[in-house]
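What follows is a short report on a single structure.
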Amino acid sequence: MHVIWVLAISFENGFCSLLLNSGKVVAVGLGARDRDGKLIPLHVKEGDTVLLPEYGGTEVKLNDKEYHLFREDDILGTLHD
């Protein structure tokens, strides 16, 4: 089974300075495939604010910006106003 990273989370401009570990989804992949090869759709989309675990994810720096990659299974929930 391949691990597929599906989310890029942006923490820029102090967005995650709240007590909660949260971030804004800035990019998503296609998702994973089941045993039959059918695409399993993602439940989060670009622009969603998500609740993140305290540890985990992979830090990536692109063009002097810092992003964190998470699998959808690692996301604890979606935050709404």
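The values are calculated or read from the model by the stated rules, or taken from the named source; none is laboratory data. The model shown is predicted, which means the values in this text are computed figures rather than measured ones. As a convention, Cβ positions derive from the backbone with ideal geometry for all residues, glycine included, and neighbour counts pool all protein chains shown.
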Kindly list, by first and then second residue, each pair from a residue in segment 47-60 that is farther than 7 Å from S22 by Cα and among the aliphatic types (A, V, I, L, M) to a residue that is surrounded by 11 or more Cβ atoms within 10 Å (Cβ to Cβ) and modelled with pLDDT under 85, limited to pairs with Cβ atoms under 7 Å and residues at least 6 apart or on different chains. V60/Y67
Which of (1) touching a strand residue (DSSP E or B) at 6+ places or on another chain (Cβ under 8 Å); (2) part of a loop (DSSP other than H, G, I, E, B); (3) of a type in the set (G, A, S); (4) at pLDDT 85 or above is the odd one out, the single condition G37 does not satisfy? (1)
Quick one: how many residues across segment 40-61 are loosely packed, with under 14 Cβ neighbours inside 10 Å, assigned to a loop (DSSP other than H, G, I, E, B) and out of contact with any helix residue (DSSP H, G or I) (no Cβ under 8 Å at 6 or more places or on another chain)? 6
